[in-house]
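Right, one structure below, let's go through it.
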Amino acid sequence: MSTDTTRTHLDPARKHDFVFLFDVRDGNPNGDPDAGGMPRTDPETGQGLVTDVAVKRKIRNTVSLIAHDQSGYDIYVEAGTSLNSQHERAYEALNLDADKKKRRVSEPQAQQWMCTHFFDVRMFGAVMTTGKKPAGRVQGPLQLTFSRSLDPVLPQLHGITRVTQTREEDVEKGESTEMGTKHTIPYGLFRGHGHFSAPLAQRTGVTGKDLEVFWRAMTLMFEHDRASTRGEMALRGLYVFSHDDAFGRAPAHELLERIEVASLDQGAVRSFDGYKVQVSEENLPEGVTLTRIVG
């Protein structure tokens, strides 16, 4: 187990619990397809929500950029690629027999190959039971929660126009514009939590380099995900509590509560300067260290 306290957050033999903060200005951090693309909100409190799936997508995309030329950093859940075809890669590489009677031997080998070659299988886990060449189920060691805004957000619908037509027949009719809409919130500061299990990481083969790539991907995930409604999103804080034990030295919620975020303004907040982040580093439980990656 690593004894370098400046790199404890890179040790896969330790349990890690972390808090991340990010904000959005005049944008849509995570549209809900069941609501026409509106920003997700808690209907009771009005707080904004961002799913774990949305954050993982940004991490996957960033990893594919920063580690695309490195062995073992392929992405399993990739746009334009079927999941079954990813399983087939394992069977072909290992020359495995897909016959139902022989899957008891083939599936575990395919699963191990998938963990070795796909970063997101190794870190997040995957259900790879579909198709004629399945690779079983993997419980990932790193899990994220939904992110929730500190204050209520105000979803807005903006009408927009485009000075061209999609169809030629509309041009021939003399129509010159098309209408559209965009959903945004004026501002929101979101907080999410994450947890890393060392025992599960041992099963999937997570390395210190994997954690290094993951933390770097988190710091860059908004920088290379710009779009018209995600133009101003930024990571504002990333705080990692690392235990000197695989199973942890203290309950995760007690550690994460040490990161407190409070609004400084009585009115509507429109920037990160309207919040104060307070980190309680004194009297940490024995065997627990705090690494401030951002913030």
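The values are calculated or read from the model by the stated rules, or taken from the named source; none is laboratory data. Treat the numbers as computed from the prediction; the structure is a model and nothing was measured. Quick reminder, even Gly has a Cβ in these numbers, built from the backbone with ideal geometry, and neighbours come from all protein chains shown. Calculation scope for accessible area: heavy atoms of the full protein, side chains included, ligands and nucleic acids excluded. Shrake-Rupley method; radii C 1.70, N 1.55, O 1.52, S 1.80 Å.
Surface analysis of the stretch 111-260 yields an accessible area of 49 Å² per residue, using protein heavy atoms and a 1.4 Å probe.
Here the 3J(HN,Hα) profile of the stretch 246-252, calculated from phi with Karplus coefficients 6.51, -1.76 and 1.60 at θ = phi - 60°, is 5, 9, x, 9, 7, x, 4 Hz, Gly and Pro shown as x. Shape of the stretch 1-141 from its Cα gyration tensor (a ≥ b ≥ c, root eigenvalues): rounded if a/c is under 1.5, otherwise prolate when a/b > b/c, or oblate? Judged from the Cα gyration tensor, the stretch 1-141 comes out oblate (a/c at least 1.5, b/c at or above a/b). Amide H contacts under 5 Å for residue 234: 23, restricted to partners 5 or more places along the chain or on a different chain, H placed in the peptide plane at 1.01 Å from N. Mind running the shape call on the stretch 199-295? Use the C-alpha gyration tensor, a ≥ b ≥ c as the square roots of the eigenvalues: rounded below 1.5 for a/c, prolate if a/b tops b/c, oblate otherwise. Oblate shape, in that a/c is at least 1.5 and b/c is the bigger or equal ratio. Could you let me know the centre-to-centre spacing of the stretch 121-169 and the stretch 233-248, using Cα atoms, in angstrom? Their Cα centres are 23 Å away from one another. 3J(HN,Hα) couplings calculated from phi for the stretch 94-99 with the Karplus curve 6.51 cos²θ - 1.76 cosθ + 1.60 (θ = phi - 60°) are, in sequence order, 9, 6, 8, 8, 8, 4 Hz; Gly and Pro show x.
Calculated over the chain, the projected area of the Cα convex hull averaged across directions stands at 20.3 nm².
Taking amide hydrogens as placed 1.01 Å from N in the peptide plane, the amide H of residue 47 sits under 5 Å from those of 42, 153, each at least 5 positions away in sequence or on another chain. Computed over protein heavy atoms with a 1.4 Å probe, the carbon and sulfur contribution to the accessible area of the chain reaches 47%. Lys/Arg Cβ at +1, Asp/Glu Cβ at -1, dipole of the stretch 1-142 taken about the Cα centre: which of 93, 117, 75 is farthest positive-ward? Of the candidates, 93 comes out farthest on the positive side.
At a threshold of 8 angstrom on Cα-Cα distance, excluding pairs fewer than six apart, so keeping six or more, what relative contact order does the chain reach in percent? Contact order relative to length: 30 percent. Taking amide H as placed 1.01 Å from N in the peptide plane, the amide H of residue 146 sits under 5 Å from that of 52, each at least 5 places away or on another chain. Computed from point charges on the beta carbon alone (+1 for Lys and Arg, -1 for Asp and Glu), the dipole magnitude for the chain about its Cα centre is near 920 Debye. Here the extension length gained between residue 26 and residue 232 equals 73.4 nm, from 0.36 nm per residue of separation less the Cα-Cα distance. Here the stretch 115-197 is assigned +1 on the Cβ of each Lys and Arg and -1 on the Cβ of each Asp and Glu. Its dipole about the Cα centre then comes out at about 740 debye. Across the stretch 181-195, coupling constants 3J(HN,Hα) worked out from phi with the 6.51/-1.76/1.60 Karplus curve, θ = phi - 60°, read 9, 9, 9, 9, 10, x, 6, x, 9, 10, 10, x, 10, x, 9 Hz, and Gly and Pro carry x. Qualifying GluC sites (Glu not before Pro) in the stretch 190-259, where qualification requires a DSSP coil assignment and no more than 13 other C-beta atoms within 10 Å, comprise 223, 232, 257. In the chain, taking the dipole from charged Cβ atoms about the Cα centre, the farthest positive-side position among 242, 20, 271 is held by 242. Highest-first packing order for the peptide set 11-22, 147-158, 109-120 is 11-22, 109-120, 147-158, based on the mean count of other beta carbon atoms within 10 Å.
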